[in-house]
């Protein structure tokens with residue numbers, strides 16, 4: 001019975017080894033000095049099936065009663081349902097020649113490193129009871145922005161728009177090269193450098209003579225308008241001269257608007273004034 005004195009090791013088959021030791025202990029109490037390995041494995045398999053059936057039945061009674069964890073009454077009902085008498089269990093547990101199995105040594109569970117760690121864990125305040133679970137990692141409740149601020153620089157925006165426009169034109173060119181007639185850049189039959197085939201119209205000058213509606217690109221017009229009205233890149237003296245010019249024009253317009261009646265009335269003739277005098 002070497003299995004009974006062998007040290008229990010931790011591993012995936014630790015439970016199986018404990019059942020093997022329990023079966024070996026029962027055989028020693030029954031008067032056996034040795035056992036075949038195949039017979040010992042068969043008895044261990046029977047014990048494992050018996051415990052599995054008792055556990056499943058006890059869990060079923062527990063769930064029917066609306067509980068989460070099985071209690072002693074659930075195990076008793078499972079044994080009775082399997083046809084096992086529970087009257088002599090206490091006497092069997094108090095038998096004089098029973099052997100005590102040492103509890104297995106528990107290996108320390110490997111600590112899984114935290115995937116996200118930001119800062120150190122804060123201790124709970126004094127008013128929080130000690131039996132409550134500890135606070136989670138700070139990244140779980142501390143606000144951390146996960147998005148970048150949008151780019152507002154003029155050069156970067158224009159460069160991005162130009163890249164997008166170039167990519168769109170390139171994709172459209174590839175699409176037309178694959179779906180329409182093409183010419184080869186070299187005098188070969190392969191399609192390594194395809195060129196979009198030009199379809200000339202006859203006569204060639206006819207589209208220029210036909211009247212068509214002019215299509216405006218409003219995005220381009222708006223861009224040129226903004227560029228023309230920009231004052232960020234202008235020198236300071238030019239800005240001041242423009243402002244002075246605008247101010248002089250405004251003063252002239254105001255003076256003209258203040259004296260509209262003087263310009264509208266005709267000048268009085270000196271003869272009429274003399275005759276009236």
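Bear in mind that the values in this text are calculations on the coordinates, not laboratory data. The shown structure was predicted, so the numbers you read here are calculated from the model rather than taken from an experiment. Cβ sites come from the backbone with ideal geometry, for glycine too, and all protein chains shown count toward neighbours.
Things worth noting here:
- The stretch between residue 176 and residue 98, if pulled fully straight at 0.36 nm per residue, gains 19.1 nm over its current Cα-Cα span.
- A crude spin-label estimate for the pair residue 183 and residue 79, with each label 7 Å from Cα along the Cβ direction, gives 9.7 nm.
- Of the three principal axes defined by the Cα atoms of the stretch 58-183, the extents in descending order read 99, 56, 33 Å.
- Modelled FRET efficiency - R0 45 Å, residue 143 with residue 63, Cβ distances, 0.05 increments: 0.60
- Per-peptide average of other Cβ atoms within 10 Å, ordering 132-143, 14-25 highest first: 14-25, 132-143
- Between residue 28 and residue 152, the distance separating the two model label sites (each 7 Å from Cα on the Cα→Cβ line) works out to 8.1 nm.
- For the pair residue 35 and residue 210 in one chain, pulling the backbone fully straight at 0.36 nm per residue adds 52.1 nm over the alpha carbon distance.
- Estimated from the Cβ-Cβ distance and a Förster radius of 45 angstrom, the FRET efficiency linking residue 89 and residue 131 is about 0.80.
- Gain on full stretching of the segment that runs from residue 201 to residue 167 - 0.36 nm per residue minus C-alpha separation: 9.3 nm
- Least to most buried among 77, 82 (fewest other Cβ within 10 Å first): 82, 77
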